[in-house]
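**Q** Once you've had a glance at the structure underneath, I'll fire off some questions.
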Amino acid sequence: MQIPKINSDTTNHQTSTLNLYEVDFYAWTQEQVMLLREQQWSQLDLPNLIEEVASLGRQQRQELRNRLSILIGHLLKWHYQPQRRSRSWLATLRIQRLEITELLEDNPSLKPYLDEALPRAYSKGIELAAGETNLPNRTFPRECPYSLSEILDSHFYPGEPSKLIEEDVRT
């Protein structure tokens, strides 16, 4: 893909960059990368560049909340429907814990956000659990019954013991 030529007239360039941002986001990103590498600071589309960088941070927070929601939803399913436990549920619990751990390792500044994210993630987790178990929402406690350390602990499985975990440990 060819990157559009940069007009020496800053006003015209800013107008064409704004249009490029609106009509071909990928081309706009490539142009911004080139401008950054070439240290052409005055040519950068700063308002949109600032918004996109801020958006990247918001996406990481959202990713953490989403993974936490899925993990909590499956913990609730595990806890409240022990007769329906499956290897698939076990795998989902493990994978979400691993994904959250990796996300926090890659973005350690997100760790303090966990406390703030928990109530929203719990609400979504209830919706997931209720939707997949056909249990009414009122089945689940209003407040999250698990601490963050329990939620993230790879050895924590709420409710009665499960043969699935015992079998998995032996293999």
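**Q** When ILE50, ILE151, ILE165 are ordered from fewest to most other Cβ atoms inside 10 Å of their Cβ, what list results?
**A** Details: ILE50 11, ILE151 23, ILE165 15.
Placing the least packed residue first, the sequence is ILE50, ILE165, ILE151.
**Q** Going by C-beta contacts inside 10 Å, put ASP45, ASP115 in order with the fewest on the left. Walk me through the numbers on the way to the answer.
**A** Values: ASP45 20, ASP115 9.
Lowest count first: ASP115, ASP45.
**Q** Using unit Cβ charges (K, R positive; D, E negative) and no other charged atoms, how large, in debye to the nearest 20, is the dipole of the range 34-146 about its Cα centre?
**A** Numbers: 16 positive and 14 negative charges, 173 e Å.
Dipole of the range 34-146, to the nearest 20 debye: 820 debye.
**Q** Now for a different question. Do you know the Lys pair count in the chain for C-alpha distances under 27 Å, with sequence separation 8 or more or different chains?
**A** Values: LYS77/LYS111; LYS77/LYS124; LYS77/LYS163; LYS111/LYS124.
Taking the chain as the scope, the lysine pair count is 4.
**Q** How far is the Cα center of the range 55-87 from the Cα center of the range 108-168, in Å?
**A** If we compute the Cα centre of each part, the gap is 7 Å.
**Q** Put a dot 7 Å past each Cα toward the Cβ at GLU102 and ARG142; how far apart are the dots in nm?
**A** The two pseudo-label positions are separated by 3.8 nm.
**Q** Continuing with this model, one more query. Fewest first, what order do LYS163, LYS77, LYS111, LYS124 take by the number of other Cβ atoms within 10 Å? Intermediate results must be reported in sequence, preceding the final value.
**A** Numbers: LYS163 8, LYS77 23, LYS111 12, LYS124 16.
By the 10 Å Cβ count, ascending, the order reads LYS163, LYS111, LYS124, LYS77.
**Q** State, as an integer percentage, the relative contact order of the chain based on alpha-carbon contacts under 8 Å between residues 6 or more apart. Intermediate values should be presented prior to the final figure.
**A** Values: 130 pairs, mean separation 40.4, N = 171.
For the chain, the relative contact order is 24 percent.
**Q** Using the Cβ atoms and a cut-off under 11 Å, what net charge is assigned to the surroundings of ARG65, where Lys and Arg are +1 and Asp and Glu are -1?
**A** +3
**Q** Right, something else. Report the full-extension gain for the segment ASN134 to ARG120: residue separation times 0.36 nm, less the Cα-Cα distance, to one decimal in nm. It would help to have the intermediate numbers written out before the result.
**A** Working: separation 14, 0.36 × 14 = 5.04 nm, distance 2.10 nm.
Working it through step by step, the gained length comes to 2.9 nm.
**Q** Please state the shape class of the chain: rounded when a/c is under 1.5, otherwise prolate if a/b exceeds b/c and oblate if not, all from the C-alpha gyration tensor.
**A** Prolate shape, in that a/c is at least 1.5 and a/b is the bigger ratio.
Rule-based calculations on the coordinates, nothing more; no lab input. Quantities reported herein were computed from a predicted structural model and do not represent experimental measurements. So basically every Cβ, Gly included, is an ideal-geometry build from the backbone, and we count neighbours across all protein chains shown.
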